[in-house]
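Asks: Handing you a structure now.
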Amino acid sequence: MYQKALIPAAGRGARLDRPNTPKPLVDVGGRPLILHVLEQLEAAGVDEAVVVLGFEAKKIARELTNHPDLSIQVTLVENPSWQHGLASSLLAAREHFDAPFLLSMADHFFDPALVERMAQVDLSDEQVACMLVDRDTSRIYDLDAAVKVNLDGERVLDASRSLENAHGVDAGLFACRPALFDALEATLADTEPADLTDAIARLAADGKVAARFVGERKWYDIDTPPALIRAEMDHRQKRRVEAVFSADIHDTDRETHEYTFVTGKPIETDVFVQRGFVRNPNTIKLIPDESASSPIYVFTDTRVNELYGDDFVGGLSDMGYDVRRIVMAEGEESKTLSNYTKLVEHVLGEGIDERSVLVSLGGGAVCNVCGFIASTLYRGIGLVHVPTTLMAQCDAAISHKQGVNGERGKNLVGAYYPPINIAVDVEVLATLEDWLIPDGLSEVVKHALGQDPDYLQFLLDYDGAIDDPDFLEAVVRKNIELKCELMAIDPKELREGMVLQYGHTVGHPIEYLSGYDLNHGQSVGIGMMVAARVSRLLGGCDEEIIELHRHVIEKYELPTRIPESIKVDDILAMMRFNKRYLTEGTRMALVDGPGTLWSVDDDYAIPVSDAVLREAIEASY
Ligand SMILES: NC(=O)c1ccc[n+]([C@@H]2O[C@H](COP(=O)([O-])OP(=O)(O)OC[C@H]3O[C@@H](n4cnc5c(N)ncnc54)[C@H](O)[C@@H]3O)[C@@H](O)[C@H]2O)c1
Ligand SMILES: [Zn+2]
C-alpha cells in the first residue's frame, strides 16, 4: 500500500549518552536500530526508503550502503542544516514524495507488527497524517521528554511535549500524505528549530490527524539507557521463545493431568566469627547434638593440615567426637571429579551414617570439594565449613554453592547445598602467603562497588596495612553480613545476588587465558574495570565511576589492565563458556553509581552486545 518511507536520521539525540555513536546506529540484538527499521519496512511492503542524514552523516551512510541483508532501495539525502530541527530534515526529502508514505523514526525499536499495522492505514481524503499512539504512558521511561497527545476516539486533537493529563504518547511511526510538507514549511516559517510535533499539532487542530494504537505490542524510543536495555532484553526474550515454541503447546487436545509438589523447608545456616577458634574448636558448637555420636570427617589440605590439623582435629576428639581426618593435595588439583570419586569411596569405606557431618578446614578448594561430597553422600549429609583463606572467609565458604571443576572449566559440576554451620577465625590469615590477601580482597572490593556505598567509602578512607588483623576482621565480617543478606533474598543469584558475579564475567576468561598467571582476585580486579567501562558505554554511569574503580582496585593491590598477551578476540570467544551465558548473548552485573548495582525494571542481568564488550575490553589494556 505504501511504496515509500521517510526516515529522518539527521539529529544528534544527545540524551542517550553513548559516546561516538549516533542514535540510529545504536545496537539492539547486535544490529543498528536503523537497520531494524528498514528491515521491517521492507517486510511491510515498502520498496524505497529515503533516509535524511545530518549529524555523523558519513558514518550512517557507510552502514546503509550495500547492506547485504536488505533489498529495500535506500536513498540518502543529506541535510546540511539539520541543526534547524526535525522539520527542516524532513523537508529536505520533500521532492522524493508525491504519494502517501510511511514515516518512521530511526532511533526507535518496534515490534514488527506495529510497522505492519501502520502500513495498513487507509488515510481518508481529509486526513494528512495518521499517528501511532501508545495509550499506556506508564511504560515510557522519560515521559517529560515524550510527545504527548490528546485524543477524541481515533482522532488526534493536540500534540505537544508539555500536555498535562495526556491520553497517550506519540510512538514515532506515521502514515502521511505529501501535504505534511506544507504544514512543516508553515511551521518552520514561524519557529526555528521546528519539530515534527509542531506541524502535527497544526494539522490536528484542523482535524487532519488520525490515530492508531499500539495496544499490547512493544516499542521503544531509545532515548535513555533503560529504554535501550529493556529493548535488548525483550528482543532476546522473543528470539528465545521463537526458537522453540512453533506451536502453542496448550492447544493440544490430549488429556493432560497436572500435579504439583513442593519440597523441604528452608535450611538455616549459622555463621560464627571468633578469633582463635581453629586452635580451640571447643568454643563454638560446630556439630549439632543429633550428630554427636556419628562419624565426623575433617577434610583439609596438606598445608593447612600441617599448620592447624592437629590442634583442630585434636580439639574435636578431646570433646568426645569420633573424628577422622582426610588430607588432600593443595589447591585446584584436588577440585576434580576423579578426586571427588576417590574421596567418596574412601569415606564410604571407612563408614558414615545418615547423621554424619563433614567439616571442611581449608581454603575455597577444600570447601568446595568437601561441600560437594556432603551434598551427594547418602543424597546429602551434614556439612560445616571452617574457611582458612581470606577468599574462603569472604566468599567461597559463605555459600551454598559446592562443586568441582570439569575438564572444560571451573565449577562445572556441583550443587546448591547449604552448610549447617560456618565458623570463621581470622587469626589463621596470619600464616597466608602474601599474595592471598589482595586475592581475597578482590571479593571485598566487589561487594563494596556493587552493594554498599558506605562500605566503599570505608575502603577508600582506610589508610592502614592491608594485612592488619583488625582490618581483615572488619572486612570479613562486613562481607559475611552482605553475603548473608543476598543469600536470603536471592540464593540463585538472578537479581540482587548478581553482584557476586561482578567483575567475574570478563575476569574468568582473563584468568583462564593468562594460563592462571593472574590469580582469581587479579583477574576479577581487571574484570571490574571492564565492567565499569561497559556500564559507561551503555549510559549506566559516568566517567567518574571508572576512575573510582581504578582507585579502589589499585589501592587494594590489584591490577586494572589486561596484559598485552591476552587478545580481545580470545576473551570474547571465551564468554560463551560462562555458566551465565545464554545463546542470545552476554548478560552482566553492572553498576550505575558508587556502591549500587544497575537494574532495569528489576532486572539485574544487563544484556551487553559484543560490540560494546569489545570497546570496553579494548579500552582496558
Ligand atoms: N563456591 C563459591 O561461591 C566460591 C567463591 C569463591 C571462590 N571459590 C573457589 O575457591 C577456590 C579458591 O579458594 P582459595 O583462594 O581459598 O584457594 P585454596 O583453597 O587453593 O587455598 C590457597 C592456598 O592457601 C593455603 N592455605 C589455606 N589456608 C591457609 C592458612 N590459613 N595459612 C596458610 N596457608 C593456607 C592452601 O593450602 C593453598 O595452598 C577456587 O577453586 C574457587 O573456584 C568458590
Ligand atoms: Zn570470585
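The values are calculated or read from the model by the stated rules, or taken from the named source; none is laboratory data. These figures come from a predicted structure and were not determined experimentally. Neighbour counts run over all protein chains shown; Cβ positions are idealised from the backbone, glycine included.
Asks: Restricting to segment 468-509, and then to whatever is of a type in the set (A, V, I, L, M, F, W, C) and farther than 27 Å from residue 429 by Cα, can you tell me which residue is surrounded by the fewest Cβ atoms within 10 Å (Cβ to Cβ)?
Replies: Per the stated criteria, the residue is 489.
Asks: Got a number for residues in segment 351-368 being closer than 13 Å to residue 298 by Cβ and more than 7 Å from ligand 1 (Cβ to nearest atom)?
Replies: 6
Asks: Considering each of 443, 473, 485 in turn, give the residue that is farther than 23 Å from residue 504 by Cβ and either assigned to a helix (DSSP H, G or I) or not assigned by TED's automatic domain parsing to the domain that holds residue 308 (or both).
Replies: The match here is 473.
Asks: Can I ask one more? Which condition number does residue 465 fail, the rest of (1) more than 20 Å from residue 550 (Cβ to Cβ); (2) buried (at least 16 other Cβ atoms within 10 Å of the Cβ) being met?
Replies: Only one criterion is unmet by residue 465, namely (2).
Asks: Another question, if that's okay. Output the number of the condition that residue 347 fails; it satisfies all remaining conditions of (1) in a loop (DSSP other than H, G, I, E, B); (2) touching a Phe, Trp or Tyr at 6+ places or on another chain (Cβ under 8 Å).
Replies: Condition not satisfied by residue 347: (1).
Asks: Regarding segment 552-565, can at least one residue be identified that is among the acidic types (Asp, Glu), within 16 Å of ligand 1 (Cβ to nearest atom) and surrounded by fewer than 23 Cβ atoms within 10 Å (Cβ to Cβ)?
Replies: yes
Asks: Being buried (at least 24 other Cβ atoms within 10 Å of the Cβ) and either among the hydrophobic types (A, V, I, L, M, F, W, C) or under 15 Å from residue 448 (Cα atoms) (or both) is the filter here; which residues of segment 510-526 pass it?
Replies: Selection gives 510, 521, 524, 525, 526.
Asks: Something else now. Which of the residues that make up segment 486-512 are more than 24 Å from residue 408 (Cα to Cα) and more than 20 Å from the chain's Cα centre (by Cα)?
Replies: If the condition is that a residue be more than 24 Å from residue 408 (Cα to Cα) and more than 20 Å from the chain's Cα centre (by Cα), then 488 is the only one that fits.
Asks: Pick from segment 359-375 the residues that are among the polar types (S, T, N, Q) and part of a helix (DSSP H, G or I): which of them is farthest from ligand 2 (Cβ to nearest atom)?
Replies: Among those that are among the polar types (S, T, N, Q) and part of a helix (DSSP H, G or I), it is 375.
Asks: Taking residue 439, is it more than 16 Å from ligand 2 (Cβ to nearest atom) and among the acidic types (Asp, Glu)?
Replies: Taking the combined requirement at face value, the residue does not satisfy it.
Asks: Here is a follow-up. Just give me the residues in segment 43-58 being more than 18 Å from residue 92 (Cβ to Cβ) and either crowded, with 20+ Cβ neighbours inside 10 Å or within 31 Å of the chain's Cα centre (by Cα) (or both), in sequence order.
Replies: 44, 46
Asks: What pairs can you find where one residue is in segment 383-410 and under 17 Å from residue 333 (Cβ atoms) and of a type in the set (Asp, Glu), the other is part of a loop (DSSP other than H, G, I, E, B) and more than 6 Å from ligand 1 (Cβ to nearest atom), and their Cβ atoms are less than 9 Å apart, with a gap of 6+ or different chains?
Replies: From residues that are under 17 Å from residue 333 (Cβ atoms) and of a type in the set (Asp, Glu), the pairs are 407/336.
Asks: Give me the pairs: first residue in segment 498-521 and assigned by TED's automatic domain parsing to the domain that holds residue 607 and within 27 Å of residue 484 (Cβ to Cβ), second residue in a loop (DSSP other than H, G, I, E, B) and hydrophobic (A, V, I, L, M, F, W, C), beta-carbon distance under 7 Å, and six or more apart or on different chains, which are they?
Replies: Here the result reads 498/589; 498/605; 499/589; 501/589; 502/589; 511/518; 519/435; 521/558, each pair linking segment 498-521 to a residue that is in a loop (DSSP other than H, G, I, E, B) and hydrophobic (A, V, I, L, M, F, W, C).
Asks: Another one. When you scan segment 216-236, how many residues do you find that are surrounded by 19 or more Cβ atoms within 10 Å (Cβ to Cβ), out of contact with any His (no Cβ under 8 Å at 6 or more places or on another chain) and of a type in the set (Asp, Glu)?
Replies: Result for segment 216-236: 2.
Asks: Restricting attention to helices (runs of 4 or more DSSP H) lying wholly within segment 138-246, give those where 1 or more residues are under 32 Å from the mean Cα position of the chain (by Cα) and of a type in the set (Phe, Trp, Tyr).
Replies: Passing ranges: none, list empty.
Asks: Which condition number does residue 421 fail, the rest of (1) more than 7 Å from ligand 1 (Cβ to nearest atom); (2) buried (at least 24 other Cβ atoms within 10 Å of the Cβ) being met?
Replies: (2)
Asks: Name the residues in segment 378-403 that are near ligand 1 (Cβ under 9 Å from one of its atoms) and of a type outside the set (S, T, N, Q), would you?
Replies: Within segment 378-403, 387, 390, 391, 392, 394, 395, 396, 397, 398, 400, 401, 403 meet the criteria.
Asks: Report every pair of residues separated by at least 6 positions or lying on different chains whose Cβ atoms are under 9 Å apart, first residue within segment 436-465 and at pLDDT below 95, second within 16 Å of ligand 2 (Cβ to nearest atom) and aliphatic (A, V, I, L, M).
Replies: Pairs found: none.
Asks: If you check residue 430 against the conditions, is it in contact (Cβ under 8 Å) with a residue 24 or more places away in the chain, among the small types (Gly, Ala, Ser) and away from ligand 2 (no atom under 16 Å from the Cβ)?
Replies: yes
Asks: Right, another one. Mind counting the residues in segment 377-415 that are within 19 Å of residue 443 (Cβ to Cβ), under 25 Å from the mean Cα position of the chain (by Cα) and either assigned to a loop (DSSP other than H, G, I, E, B) or of a type in the set (Ser, Thr, Tyr) (or both)?
Replies: Of the residues in that region, 4 qualify.
Asks: Residues of segment 58-69 being of a type outside the set (Val, Ile, Thr), closer than 28 Å to residue 99 by Cα and at pLDDT 90 or above, which ones?
Replies: Matches in segment 58-69: 61 only.
Asks: Let me ask another. If I filter segment 429-445 for residues that are closer than 30 Å to residue 607 by Cα, of a type in the set (Val, Ile, Thr) and out of contact with any His (no Cβ under 7 Å at 6 or more places or on another chain), do I get at least one hit?
Replies: Checked segment 429-445: at least one residue is closer than 30 Å to residue 607 by Cα, of a type in the set (Val, Ile, Thr) and out of contact with any His (no Cβ under 7 Å at 6 or more places or on another chain).
Asks: Against the definition (surrounded by 16 or more Cβ atoms within 10 Å (Cβ to Cβ) and either modelled with pLDDT of 95 or more or part of a loop (DSSP other than H, G, I, E, B) (or both)), how does residue 316 come out, yes or no?
Replies: Judged against the criteria, residue 316 is a match.
Asks: Can you tell which of 166, 113, 175 is aliphatic (A, V, I, L, M), closer than 24 Å to residue 10 by Cβ and in contact (Cβ under 8 Å) with a residue 24 or more places away in the chain?
Replies: The match here is 175.
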